[in-house]
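Just below is one structure, and these are the notes that go with it.
The values are calculated or read from the model by the stated rules, or taken from the named source; none is laboratory data. Because the structure is predicted, anything quoted here is derived from the model rather than measured. Don't worry about glycine lacking a Cβ; one is built from the backbone with ideal geometry, like all the others, and counts go over all protein chains shown. The area values use the complete protein model at the heavy-atom level, side chains included, leaving out ligands, DNA and RNA. Shrake-Rupley method; radii C 1.70, N 1.55, O 1.52, S 1.80 Å.
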Amino acid sequence: MIAAWWIAGTVACTAQTLPVELMVGHQRTGVDVLWFKKFAAGKDNPWLFFHRSRASVDYHNKTAFDITNAVSYNFRSGIGLVAATQFLQAGFVAKAGMQYFKARGNASVFSWLVAGNNTNHRFSGDWFVLARWSPRLHDAWKGFIQAELFSQAEEGWNLALTQRVRIGIGTDQWQFGFAADFTEAGKSNFSTTRNLGGFLRRVF
């Protein structure tokens, strides 16, 4: 089942354009592939695939990675049903819930609310939001603004919050600019990390 899910995600990704981001920050350097697209062309096609692969290393040679695949059935309102899996350093996670996706012009909003067990077998709920806007600036140049929020509440009220912001400019194939990642985690006393730097994004 896991292998089938991974193969389906790989086939879907390679069949479409593939954006790859390099983020170089003052704490970590990482590569991020974040992509979502309908399985087939057509306004009325209800199936949407989401894929994300992230890998990073800090300047003490400590690595981290995660791979997320999700398939959703979306109604015309933009609301849908979603099943998601994650491959993490700690293990495998499967969750399910509700999703919302809406794209109009150069802007899009993608979000889901899912629940399931974590790798430590504790029940948890995730809320994910990704918003993009690429306004036309001049001729071939566009702005690129992306804001991302990932919140996780685990059984026992352990909380984790991640925020990522990208602000830059570019063409249809290249984008570059300022990048900032913020994370908070804990129960009552939160630990906070931040990574500030720049990003370079290429759509293959």
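For this structure, a couple of remarks:
- Net dipole in debye of the chain [+1 Lys, Arg Cβ; -1 Asp, Glu Cβ; about Cα centre; nearest 20]: 420 debye
- Taking the charge dipole of the chain about its Cα centre, with +1 at Lys and Arg Cβ atoms and -1 at Asp and Glu Cβ atoms, the residue from Leu159, Ala55, Phe123 reaching farthest to the positive side is Ala55.
- Spherically averaged projected area in nm², based on the convex hull that wraps the Cα atoms of the chain: 12.0 nm²
- Charge dipole of region 123-204 (Cα centre as origin; +1 on each Lys and Arg Cβ, -1 on each Asp and Glu Cβ, all else neutral): 360 debye, rounded to the nearest 20.
- Within the accessible area of region 111-204, the carbon and sulfur atoms contribute 63%, probe 1.4 Å, all protein chains present.
- Whichever lysines have a C-alpha closer than 25 Å to that of Lys95, once near sequence neighbours (fewer than 8 apart) are set aside: Lys37, Lys38, Lys187
- For the set Asp139, Asp66, the ranking by accessible area, highest first and with no ligand, DNA or RNA atoms included, is Asp139, Asp66 under a 1.4 Å probe.
- Each Lys and Arg contributes +1 and each Asp and Glu -1, all at the Cβ; summed about the Cα centre of region 66-176, the dipole is approximately 380 debye.
- Environment charge of Leu48, counting only residues whose C-beta is closer than 9 Å and scoring Lys/Arg +1, Asp/Glu -1: +2
- The value obtained for region 87-128, namely the Cα convex hull volume divided by the number of residues, is 71 Å³ per residue.
- Solvent-accessible area, 1.4 Å probe, carbon plus sulfur percent, for region 65-104: 66 percent
- Region 92-187 - Rg over Rh from alpha carbon coordinates, Kirkwood radius: 1.09
- Evaluated at q = 0.14, 0.15 Å⁻¹, a Debye calculation over the C-alpha positions of region 18-72 (equal weights, vacuum) places log10 I(q)/I(0) at -0.48, -0.53.
- Packing around the peptides 183-192, 127-136, taken as the average count of other Cβ atoms within 10 Å per residue, puts them in this order, highest first: 127-136, 183-192.
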